[in-house]
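The next block holds one structure in the form of structure tokens; read it before the comments.
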Amino acid sequence: MFCYQCQETAGCKGCTVSGVCGKRPEVAALQDLLVYATKGLSSVTTALRKEGKDVAIDVNHMVTLNLFTTITNANFDEVSIRTRVTETLKKTAELRAQLQDVSGLSEAALWSAPETDYAAKAAEVGVLSESNEDIRSLKETITYGLKGLAAYLHHANVLNHEDEDVDAFIQRALSDIQKKDISVDGLVALTLETGKYGVQGMALLDTANTDTYGQPEITEVDLGTRSNPGILISGHDLKDLEMLLDQTAGTGVDVYTHGEMLPGHYYPFFKKYPHFAGNYGNAWWKQRDEFESFNGPILMTTNCIVPPKDSYKGRLWTTGAAQYPGCRHIEGAADGSKDFSAIIEQAKSCSAPTEIESGKIVGGFAHNQVLALADKVVDAVKNGAIKKFIVMAGCDGRHTTRDYYTQFAKALPKDTVILTAGCAKYRYNKLKLGDIGGIPRVLDAGQCNDSYSLALIALKLKEVFGLDDVNKLPIVYNIAWYEQKAVIVLLALLSLGVKNIHLGPTLPAFLSKNVANVLVENFGIGTISNVEDDLALMMK
Ligand code: FSO
Ligand code: SF4
């Protein structure tokens, strides 16, 4: 196997024996094959569009769910991935037959084989099948950005929001990167275009979330526990949260959020449920301890699964793109509805969660809420009470070097405000950093996709201050990344013209030296060093 798509890749180079994330080589091979088959399907759909034919929504959804399935930590289940490959090949053959001209199709678009041949084919089509390091680097950067974008689209789609434009782009990009004659310049342009569609995809998800659940608002979230048994819901899928809250109503079972589901509390819609008890635990990588002490069932709605301990494996459930062998999976019906009754029954027989924290945290500072406070914020900047905003969005992870972000947040001058989104926040959202004239010093916009909110806030401030360049604002970017959703967030920020982003704790292994240089020269991208030097640099 060879995989270097996440920040925790072995030796900052690549996982070759088994994944640091727990991905076995057999699963890695099937994921490579699923990406290959999805590229083939995309070559066909892109050709169909060129011939003026429509591509059905379920085909768009197949592409996005396939990509989502291969995101770090999402799906560890060989059987389900193999089935997806088979279904994709079937769909590709069916659509290929509708084409008038098949001459421009890629090799992947023409490939088909029985399942017994999958392992051999997978060995030929992995990341290293591209021998030119720079071309490989750009192709993989695009692919990882598309994976992140696909995950966001999936969440919008389950809320009945579609953007055919973005789907068509994803498929065109997957089709183009298979072309033998694509140049480095062409790939650089496609990378930036991926960022542009990243903005469009995140905007779609923002609209889907806020149209369905209202605009996030300032909210205090309980960190403690109650005396009823509970279900812990993790991941990003707000539709799953809604269905779970509906089905647990009146059962005597409470619902707690975990990790990236915390921002569910910020939406007005979810405040009507008296059994929506609070947030339990921290970022994804602490789950092996926290799921044990939760005592009740845990529902993983997206990525961020750590191979479970036997002590709670029987209480770990998955749904959507997430899957883990030996853990029960809840499949959605054709209309998208899901039956969580088996999880609720299990919860009833469990003890209440063991309390591991107490108190409250505050969040809900997405664009609408921050813009409602705009006068206050602008005054604070004008009178010097706020000197700088530091965007510290992104991901958390298990490397001890990530303590840097806690220390950085603690060391920031008192006249600075942290803008955050994603699970990176758990490195500093429970520190008592205080407020500036009533504006908390950590403003949490929400999930990683809500980094879109942070970009909107920056664009609005640019307008209010009458600036011609978003980089003239008193905002610096010190972003942490882990997996492919952070890649699309980064590409989206670049496409909005944001420069001088610090990306850590290490630069992606998939950036070759030359590609990293392009990013440094054109966008001033850098990484982190130590708290003291970085503070001096960023506070200049
Ligand atoms: Fe991932 Fe990062 Fe959103 Fe976290 S991008 S790791 S769990 O912030 O969440 O999906
Ligand atoms: Fe390694 Fe990350 Fe790939 Fe897992 S997702 S195999 S940890 S590079």
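Where a number appears in this text, it was derived from the coordinates with a stated rule and is not lab data. None of the values given here were measured: they were computed from a predicted structure. As a convention, Cβ positions derive from the backbone with ideal geometry for all residues, glycine included, and neighbour counts pool all protein chains shown.
Listed values, structure above:
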read-out: Local net charge near D435, Cβ-Cβ under 12 Å (Lys/Arg +1, Asp/Glu -1); value: +3
read-out: Stokes-Einstein D (µm²/s) once Rh is taken as the Kirkwood radius of the stretch 367-539 over alpha-carbon pairs, at 10 °C in 1.306 mPa s; value: 98 µm²/s
read-out: Ranked M539, M261, M62, criterion: other C-beta atoms within 10 Å, fewest first; value: M539, M62, M261
read-out: Table column - 3J(HN,Hα) (Hz), the stretch 71-82, Karplus curve with 6.51, -1.76, 1.60, x for Gly and Pro; value: 5, 3, 6, 8, 10, 10, 9, 4, 4, 5, 6, 4
read-out: 5 angstrom amide H check on V417, placed H, neighbours 5+ away; value: K388, F389, I390
read-out: Sequence-distant aspartates and glutamates (8 or more away, or on other chains) whose Cα lies within less than 13 Å of K382; value: D415
read-out: Cβ-defined net charge surrounding M261, 10 Å radius [Lys, Arg +1; Asp, Glu -1]; value: -3
read-out: Between the stretch 256-282 and the stretch 1-68, the alpha-carbon center distance in angstrom; value: 31 Å
read-out: q = 0.10, 0.14, 0.15, 0.19 Å⁻¹: log10 I(q)/I(0) that the Debye formula gives for the stretch 219-349, counting C-alpha atoms only; value: -0.26, -0.53, -0.62, -1.05
read-out: Residue-by-residue Karplus 3J(HN,Hα) for the stretch 140-148, coefficients 6.51, -1.76, 1.60, Hz, glycine and proline x; value: 6, 4, 5, 4, 5, x, 5, 4, x
read-out: Under Karplus coefficients 6.51, -1.76 and 1.60, residue-wise ³J(HN,Hα) of the stretch 328-337 in Hz, glycine/proline x; value: 6, 10, 9, 8, x, 7, 4, 8, x, 6
read-out: Likely footprinting exposure, V102, V476, fewest C-beta neighbours within 10 Å first; value: V102, V476
read-out: Reach of K180 by Cα under 26 Å, taken over lysines that are not fewer than 8 positions away in the same chain; value: K13, K39, K50, K53, K90, K91, K121, K139, K147, K196, K513
read-out: Rounded if a/c under 1.5, otherwise prolate or oblate - the chain, Cα gyration tensor axes; value: oblate
read-out: Amide hydrogen neighbours beyond the local backbone of G224, cut-off 5 Å, H modeled; value: G359
read-out: Packing-based exposure ordering (other Cβ within 10 Å, fewest first) of E345, E290; value: E345, E290
read-out: Amide H contacts under 5 Å for R328, placed H, 5+ residues apart; value: T318
read-out: Proximal aspartates and glutamates relative to K425, as straight alpha-carbon distance under 13 Å, when same-chain residues fewer than 8 apart are discounted; value: E260, D396, D403, D444, D450
read-out: For the chain, calculated [θ]222 nm from helices alone, where every DSSP H run of n ≥ 4 adds -39500 (n - 2.57); value: -14000 deg cm²/dmol
read-out: Where the Cα pairs of the stretch 12-137 fall when distances are cut into 5 Å bins, in %; value: 2, 10, 21, 21, 19, 14, 8, 3, 1, 0
read-out: Whole-number percent relative contact order across the chain, with pairs defined as alpha carbons under 8 Å at least 6 apart; value: 17 percent
read-out: Spherically averaged projected area in nm², based on the convex hull that wraps the Cα atoms of the stretch 133-279; value: 10.5 nm²
